[in-house]
Amino acid sequence: EQVERTPDAVAVVYEEQQLSYAELNRRANQLGHYLRGLGVGPDERVGICVERGLEMVVGLLAILKAGGAYVPLDPDYPVERLSFMLEDAQVPVLLTQGHVRQRLPMTWAQVFCLDSDWGQVVQHSSKNLQMSVDPKSLAYVIYTSGSTGVPKGVMVEHGGVCNLAMAQIRSFAVEPDSRVLQFASFSFDACVSEMVMALCRGASLQLCAQAEVVVGDALEKAVARRQISHATLPPVVLATLPEGTDLESVCTLIVAGESLSEGLAKRWVGGRHLINAYGPTEATVCATMHGCRIEEMGKKPPIGRAIANSRTYILDRNGEPVPVGVTGELYIGGAGVARGYYQRADLTAEKFVPDPFAGGRGERMYRTGDLGRWRGDGTIEFVGRNDEQVKIRGYRIELGEIEATLASHPWVREAVVVVREDEPGEKRLVAYYTGVQRGELGGVGAEEEVGAEQLRAYVSAKLPEYMVPAAYVGVEQMPLSANGKLDRKALPKPDGEAYGVREYEAPRGETESILAGIWAELLQVERVGRQDNFFELGGHSLLVVALIERMRQRGLQADVRTLFTAPTLAGLAATMSGDSGMVEVPANRISPECEAITPDMLPLVELSQEEIETVITGVTGGAGNVQDIYPLAPLQEGILFHHLMGGEGDPYLLAVLCSFDSRLRLERYLQAMQAVIDRHDILRTAVMWEGLSEPVQVVGRKAVLPIEELDLDPAQGDIGEQLYARFDPRHHRIDVRQAPLLRIHIAYDKENDRWLMVELLHHLVGDHSTLEVMQEEIQAHLLGQADRLPAPQPFRNLVAQARMGMSKAEHEAFFRGMLGDVEEATAPFGLLDVQGDGTGLEEARLMLDSALARRIRERARRLGVSAASLCHVAWGQVLARVSGREDVVFGTVLFGRMQGGAGTDRVMGLFINTLPIRIHIGGEGVEASVRRTHVLLADLLRHEHASLALAQRCSGVAAPMPLFSALLNYRHSRGAAQAASAEAQRAWEGMRWLRGEERSNYPFTLSVEDLGEEFGLTAQTVASIDPKRVCEYMRRALESLIEALETEPGKAVCALEVLPEWERQQVVYEWNETAAEFPRDKCIHELFEEQVERTPDAVAVVYEEQQLSYAELNRRANQLGHYLRGLGVGPDERVGI
């Protein structure tokens, strides 16, 4: 059709030769008739093994015209590979060239040389061949590398190629006056893309000479000389072009074949249409594309959306759509899906699977093995290959994420990260990079400035330690394979300088000095600093055993796990100190009259007299104001750790903003609060650690509530907002060494005639139940009912229970049984950072409807389990879907008061504890899973005072890697009913709670509020995750769980729905609305013939100094096609070339 439109346009140019569309069509027709004579017909495979030139284009078109499927064979391939491909494809006809034939292996195929044998073709008709194929017929079979090392032939049909041509012409804005670069090897499927976008639009296909395919200056000059308007190039090729190169003539630059980095996109996006294209050979070259824009630079470019008539799905291991933002495997459906692998029925069945989302039309989708995730705008972010998701020492790592981080360094042009195992048994991440060239950064050459040490520091500031490469190797350019892709196997082994070193800090003390000597001897390094890492210096698992043995010989005790958890010299030395033992717990021995405290008065903690004096020095009022000193409870230890780790702000500082209609009412509230402080020892407690062998909490006999009054200017904005902003826990901290760990800040709001108060409470001294008890007691004082309050119980009893209850060995046995084989952290949305300060967390709330709440309670009663058990199973299903795992571990917040006896529910203090629970989301029935979880929760309650650190040590996930990063906090709230009573309303009259929030160091948290009849959900997530969606996932998981329990209790847990219907519709259907009208009843050579008719005299193909118009290209292809027909070429007949 194109030949008819432009018969005289230049169709193809090679060096000084060219063919018009009419001539190209004429030649292809002649050869097509010849091939028909050889028996070529539908689905007949025809080999073609030629060098770049006009013959290549004529031959390919002729094979298609004859009805055959071309099998491209690169003459530069090794003889063994060519021999395999010829034998595997079973081509009856092979097109080649005289000088190439001598290099080919023996074959039973009939060989035709497009140069020396052309005389046999010219006598054939130059008319277009009658169509003998349809869109379901084979167009070509391209061999790609197999995972087993054996190439596999991908069978692509005409319908997919035509759809590709029409989609690319539209998206790439190809016009008849366009000049399309033919850069890719014709044995690579990118060549298909280049040819069809040009020849089906009447554009000129410009063939690179072999010398011009060499990356760098030669390619730049070829593009400029030919005034190329459209080019498709791999990122590694673009990266080799000299700095300052603009490829000025190129108005559309398509990047494909490898992942496009942010830095490379930023360099090439200006002044042109930059397309990031993605697609495996099995999806007809291109499946998705994205037009990059300058304004979106700053993050890795996505691969976009599906092209016309294609569909993309991101699915989990069970074949279900993953939520937006969750990594899953990319599947491709629609027009471009290939027929399968030639003579590989087993592999075809494995990779080309039924498409369950195609409406029962019997369509298939291709399983790419690539990982991706939906962005909120419906574009897809490429994450990497499934087999590039590596695992090192229990850490699952996406290499693409490290590469993107490294490439964002201003002095790094491109980066590649691989896993090397140069020492048996020790895998290491090694980064390879090319630097910017001299002059790009104000005359500073990257080669002089950037090295392993600088890059390590840069990456360490942005990624967790386990994702930081051990070595950094600078290369002049990345090694390329024959197809222009990165050749990872050719990357060099890192030398000593690639590992870099931190600034040297000499060992301190005898232990560190002994260790440094052992390390230097074992690792064969000159010196070892106290911050040096054993593994970064070249240590590996085989050396660990030798290290431990040498340490024992020198009197230092350690085990293998210790080294993995504390791999620095200073860290390992710090573990050499002994642990304090457990002691019997008698009553408090510090009398009210005591003026001096000695070690024997502290039965719960071992402190020296010097340490005691250190503590007393920090207490207002000295020893006479010390009521008790004892250790921290398990969760207090964790909270103190995060407090000390934080810089600005504190995730465990609770802030509440209140208003009072008068100063008198405010004073009454503050008096009531002081009275409550006087009653409860935990509210008079401070925490001290400096100069002590272990942190302690110090209870004062008296602690005055600190109150600060501020004079705020209304001109600076709302007084309430000013007051809260000044003491916002995101940037405000309190001194936890000074009791009470409450602070009050007040200000008068003149414009509204009210008093405002910010109340700060640190979670070191209180949990959710503490806040409720505090509110109840303040209410009792406000109502004059303080005499009705029960006698307070001391918090020290919890510490005694935690220390003297179940033994450490019993705790370890339980958690080893539950977690011993867990070697990988559960990371929802890939989140693993639990060291945050709560800054940037977003919150959303959702009340479950009453009908669902009733069904949850009814089903729990019928099964004889708690509603909490149902919520844990549902949350486990949510985590399974957003982490891509069937075996999930998350933290559950335990009440901590189950074993305290009568009255424990009214004791103030931090009783709660966070411990791991493991849920299997597999084929087990939902009812069985609920019952199993209920039993597990009951067992876990027996260990509610175990420390999280102990639990993690019993797993296969070594610190500092967290065992989990998601939390479920199921808690009962009794305050709602009490707040609604008339008595409560009278107590709180004139007071209003305006604002308050809780934060956590965990990036993914859900709280379930059990309100007696109703249920409320509160999600807190990092800013990149929408907490509203998390609430919706949990609601849908609960609905699905209850539905299954009611109607199908044996239904597999993994089959429960999590995605809300609106999101499922979005990711499966809305983002796949790619339907477009293209000719579905025509083959690619017919579209070419139409183009020949439109622009017969236009240049179709150019090679060096040769070129063909569309008419001449068609003429030659027709001639060869007729000749092939004469050889018997027909549909699906393979013709080698």
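Since every read-out is calculated from the coordinates, none of them should be taken as a lab result. Remember, predicted model here, so these are calculated numbers, not experimental data. Quick reminder, even Gly has a Cβ in these numbers, built from the backbone with ideal geometry, and neighbours come from all protein chains shown.
Assorted remarks:
- The string of couplings for the range 749-761 from the Karplus curve (6.51, -1.76, 1.60, θ = phi - 60°) is 9, 5, 4, 9, 6, 8, 9, 10, 9, 9, 10, 10, 9 Hz, one whole number per residue in order, with x for Gly and Pro.
- With the convex hull drawn around the C-alpha atoms of the range 599-793, the volume per residue stands at 130 Å³.
- Gyration tensor (Cα) of the chain, equivalent ellipsoid semi-axes in angstrom: 69, 33, 27
- Each listed q (0.14, 0.17, 0.28 Å⁻¹) maps to a log10 I(q)/I(0) for the range 687-750 from the Debye sum over equal C-alpha point scatterers, namely -0.57, -0.73, -1.21.
- The ranking of Thr107, Thr620 from fewest to most other beta carbons within 10 Å of each one's beta carbon is Thr620, Thr107.
- Each residue of the range 998-1009 is assigned a 3J(HN,Hα), and the resulting list reads 10, 10, 8, 7, 7, x, 8, 10, 10, 9, 10, 8 Hz, derived from the Karplus form 6.51 cos²θ - 1.76 cosθ + 1.60 (θ = phi - 60°), x at Gly and Pro.
- Taking amide hydrogens as placed 1.01 Å from N in the peptide plane, the amide H of Gly39 sits under 5 Å from those of Gly1126, Leu1127, Gly1128, Val1129, each at least 5 positions away in sequence or on another chain.
- Proximal lysines relative to Lys299, as straight alpha-carbon distance under 16 Å, when same-chain residues fewer than 8 apart are discounted: Lys266, Lys462
- DSSP-loop GluC sites (Glu not before Pro) across the range 625-691, with at most 11 other Cβ within 10 angstrom: Glu648, Glu690
- DSSP-defined beta bridges in the range 927-1035 - what % are antiparallel, rounded to 5: 50 percent
- Computed helical MRE - 222 nm, the chain, DSSP H runs ≥ 4 contributing -39500 (n - 2.57), nearest 500: -9000 deg cm²/dmol
- Those GluC sites (Glu not before Pro) in the range 909-989 that DSSP places in a loop and that have at most 12 other beta carbons within 10 Å: Glu989
- Other-chain or far-sequence residues with amide H under 5 Å of Phe1004's (modelled H): Leu967
- Vicinal HN-Hα couplings computed from phi for the range 950-963 (Karplus, 6.51 cos²θ - 1.76 cosθ + 1.60; Hz; Gly/Pro x): 5, 4, 5, 4, 7, 9, x, 9, 7, 4, x, 4, x, 6
- In this structure, the amide hydrogen of Glu694, modeled 1.01 Å from its nitrogen in the peptide plane, lies closer than 5 angstrom to no residue at least 5 positions away or on a different chain.
- Annotation: the antiparallel percentage among DSSP beta bridges lying fully within the chain is about 60.
- 10 Å Cβ shell holding at most 12 others, DSSP loop, chymotrypsin sites (Phe, Trp or Tyr not before Pro): longest site-free stretch of the chain: 505-1068
- If you sort the three axes of the alpha carbon gyration tensor as a ≥ b ≥ c, you get a/c of 1.5 or more for the range 42-173 and a/b no higher than b/c, which makes it oblate.
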